[in-house]
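First the structure, in the form of structure tokens, and then the observations on it.
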Amino acid sequence: MVNINVVKDLDTKKDVLLLGIFSENVDFYKSINPELHSKLEEAIKRKSFSLKKDAYHSFSLNNSVYEKIVVSYLGSKKEFDLERIRRAIYNGIKVAKQNKLKGLTCNVSELCKGLTSDYYLGVAIGETIELSDYDFDNHLSKEKKKAKIGFASILWTGSKDFLKGLKDGKIIGESTCLTRDLVNEPANIVNPEYLENVCKNIAKNNKNVKLRVLNKADLIKKKMGGILAVSNGGGVSPKLIIIEYMGNPKNKDKFALVGKGITFDSGGLNIKPSGYIEDMKIDMGGAGAVIGTLNAVSQLGVKQNIIGVIPTCENMVSGSSYRPGDIIKMYNGMSVEIKNTDAEGRLILADALTFADTDLKANTIVDLATLTGACMVALGYEASGLIGKNKELNTSLLNAGFLSYDRVWELPLFDEFMSQMDNDISDLKNLSSVGNGRMGGAITAGVFLSKFVKDAKWAHIDIAGPAFMEKNRFYVPKYATGAGVRILCYLFLNKK
Ligand code: BES
Ligand code: MG
Ligand code: ZN
């Protein structure tokens, strides 16, 4: 956690000074600090500072109160968007951490004043400070822990909206880091009970948050055949966690967030081979994103009722595992033939979707899941797949994605896809037979889910790609990224 404060001039000594420059005004510092300007000019000439978006140059000055100065290139004012400012903030913090320096002062806030709303400028800076300071080092010994910054001073002389944004952004950043930790922690630590305890803490610390948990006996009583079948391989006891934030109790409208919480996906009897199984602790990334979002909205004081619904268990191999060929009965009464035990996410989500739709009577449901490798093939690490038929909901998610840069991209639910999960010996099967289940795999998974929502507006977000990265991209770290939290927070900010 970083101590962020706002300053009216740059005199505060804070180890690293982060400055920005725009293409319209590369000579901005010429009259302010000629020594600094000539260093920059020289670096540009030597091409050690390329004037490419998000590039930076770091150096020291004689007689400066700052240990390091970082100048980040913000591109042109005409094309400005919040991502420029996030990456600039990251550049400054990166240099601070590399040099084990604790404090950052920056002027990019003030430089960008007027280019976007003061509020969102604050949000972007507040969140990125927290996002950039994150490292997953819980299991490293003290000497190996990563350096962190402790303080940030942000230059600002404009409206109070910025200060509110900064505060809200910090909450969003911290909540995203909570999700990152949940996803990074291995399955021997993060299991359904652990997720329940994290939710308990959120409920304890935030007014308006209540927790309800359906345990195995309750799931049996309710006949939630999808969750029960997947969890049958054992390992841990399944749960349906319901974490409810009532931000507008006078209103009956409810927004449900459903998150896939497979705390380890071995594939079941259709076991995953080496190369595919190692990272499967991340298969609760949807649940993690829902928990992080609930943590954020309750602290942000969003004026909506938002309910997290988390089906959680492991998908394991044992004598009691569910089998290929099994026909199970789902919570909504439909029968499903299991064609592949590794297509388990849709089964636990289906019961949770029915619960959100019929028990909670949510008006809107968005589910998040590390659902398919096919979605990663389609969109890589750069966007989550968005599936759903409600244009208005899709558009608001697309926009929240662009603004937060936690992006989604739409995949079509064409009529021709809608029958591809139908079966001749049961209502549905859990794998399409078109191209052995491989053709349009992200979409057919979405088709399956769509059969379990009758009344609510619904969208599905497949975060399998962006949830976990092979290498870092600015403030999005290697390994768990917290994908899903920021797009949802931005969605709710819009309506505040
Ligand atoms: N959890 C996986 C999807 C996944 C893969 C998430 C890689 C993150 C990274 C999911 O349960 C799964 O196994 N999906 C199968 C579906 C197939 C059997 C139809 C897949 O994608 O191969
Ligand atoms: Mg699987
Ligand atoms: Zn899975």
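The values are calculated or read from the model by the stated rules, or taken from the named source; none is laboratory data. Just so you know, these numbers come straight off a predicted model, no measurement behind them. Here the Cβ is made from the backbone with ideal geometry for all residues, glycine too, and neighbour counts use every protein chain on show. Only protein heavy atoms, including side chains, enter the accessible area calculation; ligands, DNA and RNA are left aside. Shrake-Rupley method; radii C 1.70, N 1.55, O 1.52, S 1.80 Å.
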### Message
Which one, 489, 310, 275, is farthest towards the positive end of the dipole of the chain when Lys and Arg carry +1 and Asp and Glu -1 on their Cβ?
### Response
489
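Over 27 Å between C-alpha atoms is what I'm after, so list which of 53/281; 142/281; 78/146; 239/361; 45/78; 113/478 land there.
Details: 53/281 35 Å; 142/281 25 Å; 78/146 37 Å; 239/361 20 Å; 45/78 25 Å; 113/478 31 Å.
Check vs 27 Å cut-off fails for 53/281; 78/146; 113/478.
First select every other residue whose beta carbon is under 10 angstrom from the beta carbon of residue 187; then total the charges, Lys and Arg +1, Asp and Glu -1. Kindly include the intermediate steps, with their values, before the conclusion.
Numbers: positive: 281; negative: 185, 265, 283, 314.
Net charge in that neighbourhood comes out at -3.
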### Task
Scan around residue 232 for amide H atoms under 5 Å from its own, H built in the peptide plane at 1.01 Å from N, and keep only partners 5 or more places away or cross-chain.
322
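Given an 8 Å cut-off on Cα distances and at least 6 residues of separation, report the relative contact order of the chain as a percent. Present the calculation step by step, with values, prior to reporting the outcome.
On the way: 1164 pairs, mean separation 70.9, N = 496.
Across the chain, relative contact order equals 14 percent.
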### Query
About its Cα centre, how strong a charge dipole does the chain have in debye, to the nearest 20, once Lys and Arg get +1 and Asp and Glu get -1 at the Cβ?
1120
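Just the number please: accessible area per residue for the chain, 1.4 Å probe, all protein chains included, in Å². Before the final figure, lay out each step's value.
On the way: 20390 Å² over 496 residues.
Roughly 41 Å² per residue, with all protein chains present.
Summing +1 for each Lys or Arg and -1 for each Asp or Glu, what net charge is found among the other residues whose Cβ lies under 12 Å from the Cβ of residue 162? Working shown, then result.
On the way: positive: 113, 160, 164, 167; negative: 110, 118, 161, 168.
Net charge in that neighbourhood comes out at 0.
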### Summary
Along the dipole axis of the stretch 177-493 (charges at Cβ: +1 for Lys and Arg, -1 for Asp and Glu; origin at the Cα centre), the most positive-end residue among 388, 324, 445 is 388
### Message
Restricting to DSSP loop positions (anything but H, G, I, E, B) with no more than 15 other Cβ atoms inside 10 Å of their own Cβ, which GluC sites (Glu not before Pro) remain in the stretch 273-374?
### Response
278
### Query
Restricting to the stretch 219-357, what percent of DSSP beta bridges are antiparallel, rounded to 5?
60
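State, as an integer percentage, the relative contact order of the stretch 104-263 based on alpha-carbon contacts under 8 Å between residues 6 or more apart.
23
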#### Entry: Magnitude of the charge dipole, the stretch 3-159, Cβ model with Lys/Arg +1 and Asp/Glu -1, debye to 20
500
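Using a 1.4 angstrom probe on heavy atoms only, work out the carbon and sulfur share of the accessible area of the stretch 3-159 in %.
On the way: 3590 of 7250 Å².
Carbon and sulfur atoms account for 49 percent of the accessible area of the stretch 3-159.
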### Accessible area of the stretch 288-443 belonging to carbon and sulfur atoms, whole % at 1.4 Å probe
53
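Provide the gained length on full extension for the span residue 80 to residue 279, in nm with one decimal, where the gain is 0.36 nm per separating residue minus the Cα-Cα distance.
Using 0.36 nm per residue and subtracting the Cα-Cα distance, I get 68.0 nm.
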## Note on the structure
Using a 1.4 Å probe on heavy atoms of the protein chains only, the accessible area for residue 317 in Å², nearest 10, reads 70
### Task
Take the solvent-accessible surface of the protein heavy atoms, probe 1.4 Å, and return the percent of it on the stretch 166-222 that carbon and sulfur atoms account for.
50
### Task
Under 15 Å from the Cβ of residue 143, count the other residues' Cβ atoms, weight Lys and Arg +1, Asp and Glu -1, and hand me the total.
+4
### Lys/Arg +1, Asp/Glu -1 at C-beta; the chain dipole; positive extreme among 153, 120, 132
153
### Query
When the helix-only estimate is applied to the chain (DSSP H runs of n ≥ 4, each -39,500 (n - 2.57), divided by the residue count), what is the mean residue ellipticity at 222 nm, nearest 500 deg cm²/dmol?
-10500 deg cm²/dmol
